[in-house]
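Working notes, beginning with the structure itself.
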Amino acid sequence: MKRFLSLTVSLVLIICVFSACNDNRKQYITNNNASSEHNSTPIDTSSTNSDKNSSVSDFDPNYLNDIKEDFLNETNSSAQSDSFIDSNSSNNSNSSNETNSSNESETVSKEEEFNQNEDKESTEELVGVNKLRPDYDLGNCRDLSGDITVIVFYLDDFESNWTAAEINNFTEKEIKPGLKFLEDSAQKFGISLNLKIEEVHSSIYYDDKVEEDIKASGYATIDTLYTAARSLGYKSDKDFISKYEEKYSTEVICYCVFNKEGGSYALNPKRGSDVDIAEHVLMFAYDAESTGYEPVGWQSSVVAHETLHLYGAEDYYKPAERKALAQKYCPNDIMLSCKYFLLLNDFGDATAFYIGWTDVVPAMLYEENW
Ligand SMILES: [Zn+2]
């Protein structure tokens, strides 16, 4: 395994260097980057003069464990999905290319303030049981309870697009059941949760290659929500989230969905990292190995799984020691196997703990190899 890891580390580093010269939208996933600019925003895709040669820095070998071990539970599943990001864009200094008006200047100030607060929160010392759930209560998705607004963006790119019927289908058959699974699970833990799709947006063009396999490449595309927000006239993804939190007086969950195959992932901050994107999920209509057809509903468990990452849930299928424990304690938990058939998935105590539905620490977390 170590040899595999080191080989892959080298490979990713090579890709990293290569990519740094070619594509600034693939952001290398890293845990720390002391030199990055806190007030940077994802790349202004509308700016024709923006610097496309962003660099990638602070290569973090530890994080590669996540990337490599990630995904497919070899046993019985399904979702090529996954998680995370603590990406960080030291390279996004071209946010200064954005045009200015007095309103926008005000927004910049708010964003700077937001970023500063977030950085402070992300580095604060955890106390009590929160030490065991470091990804909990970070970013814009913090409390999975009460009323929460859901916004879905259906994006087109150079090789895929959506019809109205496909959009309706995905919303009804994939997203809504995934949200319902979360609501029903909440109820079991005595939590009131109402996830309401308030808006669906489409005809948004993403003008670059979307990273479809972060496991293989070590890169994630982080600016699809930014692109969508800009297309609606907002200054950035964070600006959009902030305005929508005010508009609906709730937390806001965003999904950006492409009508093609890929491994979906959640872009969620990690504690201690510089995060300059808004939390959201990047989804693909079909799993990576799919040929463009899957039974209806097969992505609904991915919707639930990735949404849980936004709120602090961790994967249980990596590394092997943790996976073995999870198979013993919670064999059907959606954070372990994420089975295609939604109703075959359970929602266990550990997942409830990680997302803050309970403060009772499950026994599994005290196991030596957890
Ligand atoms: Zn995951």
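Here region 173-318 is assigned +1 on the Cβ of each Lys and Arg and -1 on the Cβ of each Asp and Glu. Its dipole about the Cα centre then comes out at about 320 debye.
Note on Glu198 and Ala164: the model spin-label points, each 7 Å out from Cα along the C-beta direction, lie 2.5 nm apart. Amide hydrogen proximity for Ile204: with H placed 1.01 Å from N in the peptide plane, the residues at 5 or more positions away or on another chain lying under 5 Å are Asp156.
For each pair in Lys238/Lys339; Lys196/Lys323; Lys131/Lys188; Lys180/Lys209, compute the distance between the two Cα atoms and list the pairs where it is over 29 Å. Those over the limit are Lys238/Lys339; Lys196/Lys323; Lys180/Lys209.
Which value in Å is the Kirkwood Rh of region 254-332 over different Cα pairs? If you can, show how the numbers build up before the last one.
On the way: mean 1/r = 0.0709 Å⁻¹.
Averaging 1/r across every pair of different Cα atoms and inverting gives 14.1 Å.
3J(HN,Hα) along region 219-230: 10, 10, 7, 10, 10, 6, 5, 4, 4, 5, 4, 4 Hz, from the Karplus curve 6.51 cos²θ - 1.76 cosθ + 1.60 with θ = phi - 60°, whole Hz, x for Gly and Pro. Apply the a/c threshold of 1.5 to the C-alpha gyration tensor of region 131-227 and tell me whether it is rounded, prolate or oblate. Since a/c reaches 1.5 but b/c is at least a/b, the shape of region 131-227 is classed as oblate.
Region 279-315 and region 326-368 have Cα centres separated by 17 Å. For the peptides 319-331, 211-223, the ranking by packing is 211-223, 319-331, with the highest mean count of neighbouring Cβ atoms within 10 Å listed first.
Highest average first, the peptides 153-165, 257-269 ordered by how many other beta carbon atoms sit within 10 Å of their residues are 257-269, 153-165.
Based on alpha carbons, the Rg and Dmax found for region 173-329 are 16.3, 49 Å.
Coordinate-derived values only; no laboratory data. Keep in mind it's a predicted model, so treat the numbers as computed, not measured. For neighbour counting, all protein chains shown are included, and Cβ atoms are generated from backbone atoms with ideal geometry for every residue, glycine included.
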